[in-house]
1. Would you mind telling me which numbered condition in (1) out of contact with any helix residue (DSSP H, G or I) (no Cβ under 8 Å at 6 or more places or on another chain); (2) under 21 Å from Gly17 (Cα atoms); (3) modelled with pLDDT of 85 or more Asn206 fails?
2. So the check is Cβ under 6 Å with 6+ separation or different chains; which pairs have a first residue in segment 98-111 that's surrounded by 14 or more Cβ atoms within 10 Å (Cβ to Cβ) and a second one that's polar (S, T, N, Q)?
3. For segment 126-233, which strands (runs of 3 or more DSSP E) that fit wholly inside it have 3 or more residues that are under 23 Å from Ser105 (Cα atoms)?
4. Across segment 234-282, what is the number of residues that are assigned to a loop (DSSP other than H, G, I, E, B) and more than 23 Å from the chain's Cα centre (by Cα)?
5. Modelled with pLDDT under 95 and in the same structural domain as Leu103 (by TED's automatic domain parsing), is that true of Glu152?
6. With respect to Ser2, determine if the residue is among the small types (Gly, Ala, Ser), modelled with pLDDT under 95 and under 18 Å from the mean Cα position of the chain (by Cα).
7. Mind counting the residues in segment 42-67 that are in a loop (DSSP other than H, G, I, E, B) and within 21 Å of Ser225 (Cα to Cα)?
8. Being among the hydroxyl-bearing types (Ser, Thr, Tyr), under 30 Å from Arg257 (Cβ atoms) and buried (at least 17 other Cβ atoms within 10 Å of the Cβ) is the filter; apply it to segment 21-62 and report the residue that is farthest from the chain's Cα centre (by Cα).
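The values are calculated or read from the model by the stated rules, or taken from the named source; none is laboratory data. Because the structure is predicted, anything quoted here is derived from the model rather than measured. Virtual Cβ from ideal backbone geometry, glycine too; neighbours counted across all protein chains shown.
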Amino acid sequence: MSGDRVEAVARAVLYEGYLLYPYTRSAAKNQVRWTFGGVYPPAWDADPSTMRTECLLRPRGGCRVSVSVRCLQLVRRTSPSETPWQEAAERLVAEVVADTDELLSRPRRVEFALPAGCASEAGAHRKWLTISGRVTVGAAAVEAGALRITAEVENTTPAPAHLDREAALLRSMVSTHMVLRAAAGDFVSLADPPPELEAAAARCANAGTWPVLAGEPGARDTVLSSPIILEDHPRVAEESPGDLFDATEIDEILTLRILTLTDEEKAELRRTDERGRRLLERCESLTGDQLLRLHGTLRGLRTLEEDDA
């Protein structure tokens with residue numbers, strides 16, 4: 001299993017939709033953000049306060065499972081010369097490690113709290129609120145000697161009644177996802193389970209997330225469970241020079257469109273968000289060879305003899 005490959009895909013998931021072309025705050029598509037992977041405070045009943053992953057694992061002797069939960073925490077940025085804006089900070093919410101035998105006897109529950117804070121820099125003031133919750137991991141035996149692993153993250157942050165969406169978001173985990181790893185065990189693909197585990201795979205109940213095998217093709221020791229439906233063993237294109245916050249788009253098209261922004265649009269992009277500013281600088285610094293690499297790559301070619309075989 002390649003940890004770098006898992007981390008690259010997890011990071012792309014983390015920032016999916018963070019900003020969208022033309023990456024300015026005045027763009028209509030950036031007026032309503034944070035639509036993926038939200039785990040909201042219970043007082044905000046318009047959206048869920050829990051996220052649950054269920055997947056199948058074939059354990060071997062001494063099998064040990066780790067579950068890490070990560071998200072973005074929203075940061076409200078204000079300054080005298082601009083309207084407020086929401087940035088985000090990466091957070092490792094919690095990590096739970098346990099033997100499968102232990103999980104079969106009782107779930108492991110971990111409480112967490114992301115602390116509040118504030119910072120001021122270059123005339124901008126940033127503030128973020130406390131978020132609290134719990135992560136619960138359990139296991140149950142199913143057919144064919146496999147286990148169903150259940151991992152649930154719950155937001156328990158206290159909040160006043162009658163929240164508006166912005167107040168709820170500041171107390172929410174967004175882009176929430178989980179990475180599950182097994183030592184001495186193999187996860188089972190829910191999209192393509194073996195015949196003896198098809199019924200057990202169909203009974204797995206996932207809420208707000210979808211687990212897929214991650215890492216190098218053929219690896220079965222890692223699962224990425226994210227709010228975006230992916231195929232098993234997803235990967236980020238090797239030619240991609242950096243995150244464009246829209247993994248469903250084509251890097252070449254987005255990069256060329258960014259380079260055609262007007263000077264006024266580029267100036268607004270730089271003021272909108274630090275990550276947007278770095279994205280623009282990266283695109284403007286690409287060499288001709290780097291742009292050509294984005295034009296196209298052939299993968300997965302096979303000979304006729306291989307097809308006949």
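1. All conditions pass for Asn206, except number (2).
2. Pro107/Thr136
3. Working: elements: 131-141, 147-155, 173-188, 210-213, 222-226.
Hits in segment 126-233: 131-141, 147-155, 173-188.
4. Filtering segment 234-282 for residues assigned to a loop (DSSP other than H, G, I, E, B) gives 234-250, 260-262, 273.
The next check asks that each one be more than 23 Å from the chain's Cα centre (by Cα); those that pass are 260-262.
Looking only at that region, the number is 3.
5. Working: modelled with pLDDT under 95: no; in the same structural domain as Leu103 (by TED's automatic domain parsing): yes.
No: the conditions fail for Glu152.
6. On the way: among the small types (Gly, Ala, Ser): yes; modelled with pLDDT under 95: yes; under 18 Å from the mean Cα position of the chain (by Cα): yes.
The answer is yes for Ser2.
7. Total satisfying the criteria: 3.
8. Applying the first criterion (among the hydroxyl-bearing types (Ser, Thr, Tyr)) to segment 21-62 yields 21, 23-24, 26, 35, 40, 49-50, 53.
Pick out the ones that are also under 30 Å from Arg257 (Cβ atoms) and you get 21, 23-24, 26, 35.
Pick out the ones that are also buried (at least 17 other Cβ atoms within 10 Å of the Cβ) and you get 21, 23-24.
Numbers: Tyr21: 20, Tyr23: 20, Thr24: 22 Å.
So, considering only residues that are among the hydroxyl-bearing types (Ser, Thr, Tyr), under 30 Å from Arg257 (Cβ atoms) and buried (at least 17 other Cβ atoms within 10 Å of the Cβ), the one farthest from the chain's Cα centre (by Cα) is Thr24.
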